[in-house]
Amino acid sequence: MREWFGEQLAQFRILYRIFWLRVIDLEVLSPEGDAERLLGHIAVLLAGISILFTFPVILIGGPMQKPDLWTFEHLFIATTLTVVGVLAVLSWDSSLPDRRDLLVLGSLPIHPRTIFFAKFSALAGVLAFAVVALNCFTGVMWPLYFSPSGTGLVGVLRSVGAFWVTMAAVALFIFCCVLCLQGAAALMLPRQLFLRISSLLQFCAFVVLFGGYLFEPSLESVAALTDSGNQRLLRELPSYWFLGLFQQLNGSMDPPFAPLARQGWIALAFAVVFAIALLLLFWVLRLKHVVEQPDILRARSSGWSWEPGSGSVDSAVVQFSVRSLLRSRQHRLFYSFYLSIGFAISLLYTAIPKTEIQMATGSGQVPVPYLVATLMMMSFAIFGLRLVIGIPVALRANWTFQLNQVHGPGAYMAAVRRTMLALSVLPVWVLIAVVMLWRFPLWPTVFHLIALGLFGLIVTDVGLLAARKLPFVCSYAPGKARLHLIFWSGVLLGVPIANECGVLEAKLLATRIGSAF
């Protein structure tokens with residue numbers, strides 16, 4: 001018995017490490033790649049957010065009123081819910097076993113129970129890693145303020161425990177919600193259809209998470225919590241449920257938080273039970289379909305095809321890139337992630353009073369927030385695609401391009417540039433043009449669309465300055481890209497620059513040159 005248990009434990013440890021590292025697809029790594037360093041960069045990025053949230057403690061340096069404390073408590077809960085939800089959606093393919101798992105591990109003397117526990121333990125470990133990194137500073141400093149007055153060291157320790165238990169409950173809740181969505185879709189739909197709509201479900205999940213985080217109303221006051229008009233809204237916002245749960249665990253719960261805490265416990269229990277039930281049903285009923293049924297099949301031909309012209313490098317590269325992006329669920333997921341961030345931030349910029357829009361429209365102007373929002377959306381689309389095309393789909397295609405290279409490097413880089421324009425600049429520009437021509441005056445909109453097109457061309461060239469690879473065919477080196485530096489550079493430099501560009505364009509439209517349009 002002891003030998004059998006030791007063997008099971010050894011198998012579990014090996015599988016746990018493999019599934020942990022499979023957050024990054026190991027088959028596309030270059031020899032210089034380091035998946036563990038990439039995870040370290042993600043941890044540094046999340047810890048930087050935690051440090052940013054700790055600055056108010058240093059600046060305030062004194063006691064705070066209850067509504068202010070509730071605001072920060074809600075901020076930390078909502079941020080944890082959003083980050084864990086995004087990571088759960090990004091690890092969509094790691095939640096359920098794929099064909100490779102079953103074909104490789106199925107022939108080995110490993111019990112399916114061991115595979116099941118190793119896979120979900122690794123996934124839970126990644127999410128716990130994110131929760132700890134995100135709250136490593138806030139979870140130590142802010143409980144000093146959250147503890148009820150007069151409770152001393154015991155109250156502080158209880159507040160620290162309540163904080164971490166609440167964050168663990170938030171992470172478990174949103175993780176189980178994503179599993180419920182995925183499990184229900186996998187059980188009710190045929191496998192081919194499930195794989196096809198997974199990208200749409202993931203994109204919708206991204207929009208809901210980012211949109212909810214940016215547009216969630218501020219109700220952290222007794223008047224707002226007790227207002228009868230806000231009760232329905234409070235019942236629909238999970239972050240406020242766990243705010244009440246934290247108040248209960250912290251020993252500082254006021255009467256308005258009692259129903260929220262009760263709803264939080266009920267929602268957490270239902271999410272966990274339904275997630276476990278759906279996953280067990282999938283392993284029992286649908287596991288064999290993963291092996292027996294093929295993945296996404298080739299769609300029926302519509303009678304129209306686009307074949308590259310004779311010796312046309314542009315046509316070959318563009319067609320290969322478009323088909324690679326459309327056929328790879330992983331790349332569509334990553335690209336939809338960046339698009340959803342840009343879309344959510346654009347909605348945040350355009351969330352201005354209707355009176356301001358009417359005044360701007362009546363004066364023949366385009367509101368500044370709309371100008372900034374379009375620039376932000378274009379930037380996210382271009383740089384998001386620039387990062388996505390660096391992840392290979394088929395490494396062997398690189399040899400095909402090299403063996404058939406009959407043109408100079410400049411021709412291939414020009415083809416890559418046209419690919420970026422076709423997949424990012426053109427679709428976003430058309431979408432923005434339709435919306436703005438419908439909503440705002442003609443000539444200022446035309447002027448802005450011309451400027452937006454030139455902006456897209458410039459940003460594309462900037463994004464390709466250090467690019468010397470064809471899209472989707474060259475291995476990449478995770479950990480070498482310094483993700484945390486790119487993120488903070490974009491936040492500290494990109495957003496202010498886009499805002500200043502929008503303000504400058506608005507001033508130009510208000511001059512005589514702009515009024516001529």
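Compare the peptides 93-104, 366-377 by average per-residue count of other Cβ atoms within 10 angstrom and give them in order, highest first. Numbers along the way, then the final one.
Values: 93-104: 15.6, 366-377: 23.7.
In decreasing order of mean packing, 93-104, 366-377 become 366-377, 93-104.
Hey, can you find the accessible area per residue of the stretch 56-214 for me, probe 1.4 Å, expressed in square angstrom?
42 Å²
Which whole-number percent is the relative contact order of the stretch 82-238 (Cα, under 8 Å, 6+ apart)?
Working: 62 pairs, mean separation 50.4, N = 157.
Contact order relative to length: 32 percent.
Mind ranking Trp241, Trp92, Trp265 by accessible surface for me, highest first, 1.4 Å probe?
On the way: Trp241 30, Trp92 5, Trp265 110 Å².
Most to least solvent-accessible, the answer reads Trp265, Trp241, Trp92.
According to the square roots a ≥ b ≥ c of the eigenvalues of the Cα gyration tensor, what is the shape class of the stretch 90-221, taking rounded for a/c under 1.5, prolate for a/b larger than b/c otherwise, and oblate for the remainder? Intermediate values should be presented prior to the final figure.
Values: a/c = 3.59, a/b = 1.72, b/c = 2.09.
Oblate, because a/c is 1.5 or more while a/b does not exceed b/c.
Give a residue-ordered list of calculated ³J(HN,Hα) values for the stretch 80-87 (Karplus: 6.51 cos²θ - 1.76 cosθ + 1.60, θ = phi - 60°; whole Hz; x for Gly, Pro).
4, 4, 5, 5, 5, x, 5, 5
Using 0.36 nm per residue of separation minus the Cα-Cα distance, give me the extension gain between Glu7 and Ser149 in nm, one decimal. Let's see the in-between values first.
Values: separation 142, 0.36 × 142 = 51.12 nm, distance 5.22 nm.
Residue separation times 0.36 nm, minus the Cα-Cα distance, leaves 45.9 nm.
Summing +1 for each Lys or Arg and -1 for each Asp or Glu, what net charge is found among the other residues whose Cβ lies under 12 Å from the Cβ of Val462?
On the way: positive: Arg386, Arg417; negative: Asp461.
Value of the local net charge: +1.
Could you tell me the ratio Rg/Rh of the stretch 218-292? Both radii from Cα atoms, Rh via Kirkwood.
Details: Rg = 17.9 Å, Rh = 14.3 Å.
Value, to two decimals: 1.25.
Rounded to the nearest 10 Å², what accessible area does Ser379 show when all protein chains are kept and the probe is 1.4 Å?
20 Å²
With r defined as the distance between the Cβ atoms of Leu464 and Ile51 and R0 fixed at 30 Å, what FRET efficiency is calculated, to the nearest 0.05?
Working: r = 33 Å, r/R0 = 1.10.
Working from the Cβ atoms, E equals 0.35.
Taking the mean number of other Cβ atoms within 10 Å as a proxy for protection, how do you rank 187-194, 69-76 from highest to lowest?
On the way: 187-194: 13.4, 69-76: 20.4.
Those peptides, ordered most packed to least, come out 69-76, 187-194.
The values are calculated or read from the model by the stated rules, or taken from the named source; none is laboratory data. This structure is a prediction, so every number in the text was calculated from the model and none was measured. Cβ coordinates were reconstructed from backbone atoms using ideal geometry, including for glycine residues, and neighbour counts include every protein chain displayed. Heavy atoms of the whole protein, side chains included, go into the accessibility calculation; ligands, DNA and RNA do not. Shrake-Rupley method; radii C 1.70, N 1.55, O 1.52, S 1.80 Å.
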